[in-house]
Amino acid sequence: MAKITLEKWIVIITVVTASLLQLIDMSIVNVTLTQMMGNLGATLGDISWVVTGYAAANVIMITMSGWLSAKFGRKNYFTASIILFTVASIFCGTSTTITQLVIFRIIQGIGGGGLLSTAQAILIESFPKEEIGMANAIFGMGVIIGPSIGPTLGGYITDHLSWHWVFFVNIPIGIAATILSILYIKESKHFTKIGKMDWLALVLLIIFIGALQVILEKGESEDWFDTPYITVLTISSALAGIIFVWRQLTVEHPILKLSLLSNRQYAIGNFFSFVQGMGLFASVFIIPVFCQSMLGLTSEDTGWILMPGSLAAGAMMPVVAVLMKKTKISPVFLAGLGFALFVLFVWKLSSMSLNTGGHNFFWPLILRGVGLGLIFIPLLTITINPLKPKDIPQGTAMSNMVRQLGGSFGIAMATTYISTRSVFHYSRLSDNISMYNPLTYERIQSFTGFFMSKGKDINSAQLSAIGSLKASVYKQAMVLTYNDVFMIVGVFFALCIPLLLLFRIKKKTLAETERQVEMHLAE
């Protein structure tokens, strides 16, 4: 087995460090939004743009990363993205108004979009075939573990420092990654400049993806199409998307090579990437909200709950790499097993209650982590299997974009369902509450006695008792709603498992695909 040299370890550290900047920042900010609102005097609607603006810019740049790398050189683009992200972090941390913060978050998203999608291509071109498996596994561990560090670190900062530090923590990491990139990252051997920027396509892409991301982020809180600007954005996104697709299919050097989707296997692979994104991001969104709003846990406690599952996912990456290299186990089987474990994870969480403790999440999240670890590399291998070497960079960029959009759709669908389904459950539970019901009467009497013992008169105590009962019913309705969400996700993933049989992989091409990934992902 080949030994990875010190210089190559530095390359691994560089790309993982740069990727962590992007991955941690996707989740670290969310737990500090309340503190930002109070400090900047912003409303909930205002502060949500801190997340929406970053996400929209990020997805747009992920889509363009393949073209920009080819235009300016992968090392140049990668290093410039780190610098832009780091500088934007400084300005985010020193912002004194919500407008400033949103603007600099958008700039930060522009820088972040070029990190993760470019990092793996650099890694693959830096290692020979006999070393790339372990290098990819180490990189994958960082990619999987990164999102769980965000809530934990963000929770600690919220509890012990100020919100400004969720941005300032990026500065030393960004400086170190920049220096390492300049010194140790080499330019692609296959670097060739391409034609001029298609500015019309760029504008269409920004409108299409940007508007779509805003719709998904803001739709539920704005009552979807009952709000005029959501309707306008939907029409604009649809029209821009249609024209963008036509444009990309007719120009010589497209920003996004949509013609790749004419390959049946690649198209199916992107469908599963979308599904993977939905499950990954929706579960990461729902669990912290449930832990904090229903169980009363702190942001830091929630982060620690998520950590073991992410560590399990990271630990599976080298195991899967070895299984695919040393055994004849089909990647379709490994991906199917991963999906099955994810179904088991959501099924176990579909029976939560207000008595659920943090320890009850341990094994379900371990199942989730192992499942995601089994899905990640096999799904990538299956998806790029039919692509020509020269198309692999564009193909992986598109898959990253699809996965990110899947996450946005998953979160949007989850929040909308929670909003509507909770009303249904509350109404159904409320129908059983009546003063003629002995259990209800006994509960109100108990609450009334409690409030009277605190010094309230009987009328005030009864009003407080009724309010407490309503709050209890609301909490129970929310628990039932969260259980329903997990059950639906489980059913959806279970239905997707048989669809894996749609993949038709010739055994003799699997090794060839691995070589293509190793040699040409950076082309």
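Each value in this text was obtained by applying a stated rule to the coordinates, not by laboratory testing. Only a predicted model underlies this, so the values are computations on that prediction, with no experimental measurement involved. Heads up, the Cβs are rebuilt from the backbone with ideal geometry, glycines too, and the neighbour counts pull from every protein chain shown.
Summary of values
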item: Base-10 log of normalised Debye intensity for segment 198-252 (one unit scatterer per alpha-carbon) at q = 0.23 Å⁻¹; result: -0.78
item: Helix 44-72 vs. the chain, principal-axis angle (Cα, 0 to 90°, nearest 10); result: 10
item: Estimated vicinal HN-Hα couplings, Hz - segment 8-14 in sequence order (Karplus 6.51, -1.76, 1.60; Gly, Pro = x); result: 6, 4, 5, 4, 4, 4, 5
item: Shape call, segment 236-357: gyration tensor on alpha carbons, a/c limit 1.5; result: oblate
item: Virtual spin-label span in nm between Phe333 and Phe168, 7 Å along Cα→Cβ; result: 5.4
item: Packing-based exposure ordering (other Cβ within 10 Å, fewest first) of Tyr229, Tyr54, Tyr426; result: Tyr229, Tyr426, Tyr54
item: Inter-probe distance in nm under a simple model that places probes 7 Å from Cα toward Cβ, at Gln35 and Ser351; result: 3.8
item: C-alpha long axis of helix 458-496 to longest principal axis of the chain, angle in °; result: 30
item: Neighbour-count order for Ser283, Ser468, fewest beta carbons within 10 angstrom listed first; result: Ser468, Ser283
item: FRET efficiency estimate (nearest 0.05) - Cβ-Cβ, Glu187 to Thr99, R0 35 angstrom; result: 0.35
item: Crossing angle, helix 199-218 versus the chain [Cα axis fit, 0-90 degrees, rounded to tens]; result: 20
item: Cβ-based exposure ranking for Phe503, Phe342, Phe272, in which fewest neighbours within 10 Å come first; result: Phe503, Phe272, Phe342
item: Stokes-Einstein D (µm²/s) once Rh is taken as the Kirkwood radius of the chain over alpha-carbon pairs, at 37 °C in 0.692 mPa s; result: 134
item: Cross-link pairs beyond the 22 Å C-alpha cut-off, checked among Lys8/Lys75; Lys186/Lys325; Lys325/Lys348; result: Lys186/Lys325; Lys325/Lys348
item: Within-14-Å neighbourhood charge of Thr231 [Cβ basis; K, R +1; D, E -1]; result: -2
